[in-house]
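The values are calculated or read from the model by the stated rules, or taken from the named source; none is laboratory data. As the structure is a prediction and not an experimental result, all values here were calculated from the model. Reconstructed Cβ throughout: ideal geometry from the backbone, glycine too, with neighbour counts over all protein chains shown.
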Amino acid sequence: LRLLPQQRYLQAERAEVSALERKRNILCCLITRILKVEKQLHIDNLVFRVIDACQKGQLGPGLQFLSFCCHSVDVLSCVLHLLNQGYLRRQEERPHVLEY
């Protein structure tokens, strides 16, 4: 009987998936926090505010996290996720404006 060495690439993939999930959760929280305050916001302004907050490492008043790199594609993906979940909605007459 011969034991195979533990496969490290599987552990690496799990760590990457976990990191991506944490990043998505942070972005979704940040998007909802911004829209809760603003009530409605143009999608471009929302993307810029989220990216700026990520670079500064600020989640909101009194809360901070490590700054990380995020791109507009990451933010837009989270916006679509939140739209599909029903947390956000678009205005009918102006679909580029999001509401919480």
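The condition (being modelled with pLDDT of 90 or more and among the hydrophobic types (A, V, I, L, M, F, W, C)) is satisfied by just one residue among Leu59, Leu41: Leu41. Looking at (1) at pLDDT 90 or above; (2) of a type in the set (A, V, I, L, M, F, W, C); (3) exposed (fewer than 12 other Cβ atoms within 10 Å of the Cβ), which is the only condition Cys69 fails? Among (1) at pLDDT 90 or above; (2) of a type in the set (A, V, I, L, M, F, W, C); (3) exposed (fewer than 12 other Cβ atoms within 10 Å of the Cβ), the lone unmet condition for Cys69 is (1). Inspection of region 83-90 finds no residue satisfying the criterion of being on the phi < 0 side of the Ramachandran plot, at pLDDT 90 or above and of a type in the set (Gly, Ala, Ser).
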